[in-house]
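Computed from the coordinates by the stated procedures, all read-outs in this text should not be read as laboratory data. This structure is a prediction, so every number in the text was calculated from the model and none was measured. All Cβ positions, even for glycine, are placed from backbone atoms using ideal geometry, and neighbour counts span all protein chains on display.
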């Protein structure tokens, strides 16, 4: 079922790597949504069944060749399937739209080792910083382990897979689960049941086997806020509507958000998102 | 000076990096899906001209550099410094041979140059795209030569040597493209 959810909501996102646009609305302030996921999960909890929507999403300070602060997402949810099955559905859609012959699936751990060397996936923060220095020269100091993973992902792994076609990365380190549920891999190591879809090294979609545990998500929001406080970012109030809905029961489901502008840019064979936007940020 | 955050970095912004004044050439925003965003930035060190590639965490900031581009008139050299004058305030600025660099070949009195001032002192001097200079020495031209007929070296008042067509003679002024160092035409009569 196609749905439509509000873009301007009472709460923002707690993820320290995301910033909402905050809009004054009379006596209160509201938040332009960075993705429609909170509202869509409320619909799922209310019994909507499988749903999708194409909508605008907004992320402050994300502007570049492949980022426009106002952009278009295709987001959908499937009940009763895990993130591997949803990744397959995304693969079929993307392969069909882009007329590509197939795709690869890598676990985060295997791919990270493939590009960065054996053992890199479990290297300590200091060892990883050493590795980043040797690969990249000057790097920003004071990054934590996840920050170093992000640095090496964006500076080494993404360029390395830029001629691999469609690539899925599944099962992220538990600390990078975001809103995915935690699962155990074959060695008993906890992982985030999350996937990312890359095409030609460009990140196109992010999906989760959703975490429906209200207490767990409340704890993650609190962790996010501690990080936000440490970094001098403003704190975000938890979305109680979402947490109530989850407490009432989210059906087991997986969801994905796919960047429509990037898909169109890939389809058109252009590097710059400007080419598929009527008026990009600088001219809007 | 004010601080500038990565999201304010744009081409032409002057900032301090490792104690050196730099001009930002490119600023690329990169983010691995979820997680920490970075800015990959290309900067030109304004003193050395070298281009640096640096990665910053998005949201990091750099101090602005007290750098100003001004148009000044070249006055004279005392052998050590080159003196430029602000045509409005008549303020004089002494530029070192380092700061003038290759532009020394294209210095003509009363001509206007773009001078980059860092903390008030010249660090680079850029010539206009075209400049007219007099030839102090070249072999005599031969009768019947045409513009297509080949070229010869000519020494200019500044000491620079450029190739000119054979019909150009000593004492003439010529127009030169300073970006390529090539002869363009005879100087406009005035």
Practice task
Kindly rank A:177-188, A:273-284 from highest to lowest mean number of other beta carbons found within 10 Å of each residue.
Solution key: A:177-188, A:273-284
Handout entry: Simple label model, 7 Å out from Cα along Cβ direction - residue A:227 to residue B:68, nm
Key = 4.5 nm
Practice task
Just rank A:122, A:211, fewest to most, by other beta-carbon atoms within 10 angstrom.
Solution key: A:122, A:211
Completion exercise
Per GNM of chain B with C-alpha springs under 10 angstrom, the most fluctuating residue out of B:94, B:160, B:37 is B:37
Handout entry: Within 10 Å of each Cβ in A:58-68, the average number of Cβ atoms from other chains
Key = 4
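When all alpha-carbon pairs of the protein assembly as shown are counted, what percent fall beyond 41 Å?
When all Cα pairs of the protein assembly as shown are counted, 38 percent exceed 41 Å.
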Problem - For chain B, built as a Gaussian network whose Cα springs stay under 10 Å, the top-fluctuating residue of B:126, B:23, B:169 - result: B:169
Fill in the blank from the handout: D (µm²/s, integer) via Stokes-Einstein for chain A, Kirkwood Rh across alpha-carbon pairs, 37 °C, 0.692 mPa s: value 166 µm²/s
Problem - residue A:84 paired with residue A:282, simple spin-label distance in nm, labels 7 Å along Cα-to-beta-carbon - result: 4.5 nm
Handout entry: Per-bin percent of Cα-Cα distances, segment A:57-155 [10 Å]
Key = 12, 27, 34, 25, 2
Handout entry: log10 of Debye I(q)/I(0), alpha-carbon scatterers only, for chain B at 0.09, 0.16, 0.18 Å⁻¹
Key = -0.48, -0.98, -1.10
Problem - segment B:3-63 - convex hull of the alpha-carbon atoms, volume per residue in Å³ - result: 66 Å³
Exercise for the section: Give the span of segment A:167-284's Cα atoms along each principal axis, as three whole-Å numbers ordered largest to smallest. Expected result: 43, 38, 30
Problem - Value at 222 nm in deg cm²/dmol, rounded to 500, when DSSP H runs of n ≥ 4 in chain B each add -39,500 (n - 2.57) - result: -500 deg cm²/dmol
Exercise for the section: Give me a single rounded figure for B:52-64: the average over its residues of other chain Cβ atoms within 10 Å of their Cβ. Expected result: 3
Exercise for the section: First check a/c for segment B:67-126, with a ≥ b ≥ c the square roots of the eigenvalues of its C-alpha gyration tensor; if it is under 1.5, answer rounded, and if not, answer prolate when a/b is larger than b/c or oblate otherwise. Expected result: rounded
Handout entry: Prolate/oblate/rounded label for segment A:102-164 (Cα gyration tensor, a/c 1.5)
Key = prolate
Completion exercise
Inter-chain shielding metric for B:25-32, i.e. average beta-carbon neighbours from other chains within 10 angstrom, reads 6
Handout entry: Fluctuation leader among B:42, B:14, B:112 - chain B, Gaussian network, Cα springs under 10 angstrom
Key = B:42
Handout entry: Separation of alpha-carbon centers, segment B:74-137 and segment A:148-195, rounded to whole Å
Key = 56 Å
Practice task
State the Cα centre-to-centre distance between segment A:227-250 and segment B:1-39 in whole Å.
Solution key: 31 Å
Practice task
Give the peptides A:128-136, A:20-28, A:103-111 in descending order of average Cβ contacts within 10 Å, highest first.
Solution key: A:103-111, A:128-136, A:20-28
